[in-house]
Amino acid sequence: MEKILVIGCDSALNELLLSTAKKFSMDVKTVNVDSIIKATEIAVDKQVKALFVNVKFIDYSEIEGVKQLCETSKYYAIPIVFIIANLSKEIEIFMKIHSYNYLSKPYDQKELDKIFNNILNDPGINTSEEDDLKLFLKFKDWTTIIAQKDIIFVEYLNRKIVINTIKESIKYIHMPMKAFKEKLSDDFVQIHQSFIINKRFIQSIQRSNQSLKLRGIEHQLPIGRSYKQKVNSSIDGL
């Protein structure tokens, strides 16, 4: 069931939000909390479809708290709608957090319908074009988010998955390469039992010694014998 997280809204407003959301999806519910701290706790355990924040409920000192909440992995790419009464305060928050939209009193039902229609039915919300696909790496106490287009290759080294990007190398957890590849887009192909590469970074292929060179990487990577045919078919499709 889709969850709409609501911060600082009274029962009447919460009911308005829920009834409007159900016009576009019956598989939805609102989760109303009364503090930024509780919202952050929910962010760790639950995936939510959108976040509504009653600006009247928060003061200027809490703007940074909302900003940090928006940067957690659960809220990385979801719509955030501010409910406002004071437009000058809305402008400050809107600029600092880059909110998805806002509601001002008195509430306009047509505008509310439009917001929920976009949130619940627009395929562009919570999904991305191929260039914007994200990889979520969950560690014990945090989650790291990487743009897949920035990954050059993935290596299995010392029983760990190591993700090499254009900016850094990230040592991840122990897991099978086959399972990890399922997290990646079709831009990636496994060329060896220890290597998965991003086809967009291929610079050259040495068919004589079965290796390839990737942009930004000094050394060549081997192509495993059992992967040769699959690699060749993938490269021919570029």
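Computed from the coordinates by the stated procedures, all read-outs in this text should not be read as laboratory data. In this text the structure is predicted, and so the values were computed from the model without any measurement. Quick reminder, even Gly has a Cβ in these numbers, built from the backbone with ideal geometry, and neighbours come from all protein chains shown.
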Can you give the translational diffusion coefficient of the range 130-236 in µm²/s, computed by Stokes-Einstein from the Kirkwood radius over Cα pairs at 20 °C and 1.002 mPa s? 151
Amide H of residue 172 versus every other amide H placed in the peptide plane: which residues, excluding those fewer than 5 positions away on the same chain, fall under 5 Å? 161, 162, 163
How many angstrom lie between the C-alpha centres of the range 6-39 and the range 138-185? 36
Flagged links, alpha-carbon separation over 30 Å, of 114/181; 49/105; 171/228: 114/181
Order 48-54, 104-110 from most to least packed using the mean count of other Cβ atoms within 10 Å. 48-54, 104-110
Loop only per DSSP, at most 15 neighbouring Cβ atoms within 10 Å: give me the GluC sites (Glu not before Pro) in the range 141-217, ordered by residue number. 168, 182
Amide proton proximity set for residue 134, modelled H, under 5 Å, gap of 5+: 148
Amide H to amide H, which residues 5 or more places from residue 31 or on other chains are under 5 Å from it, using H placed in the peptide plane? 4, 5, 6
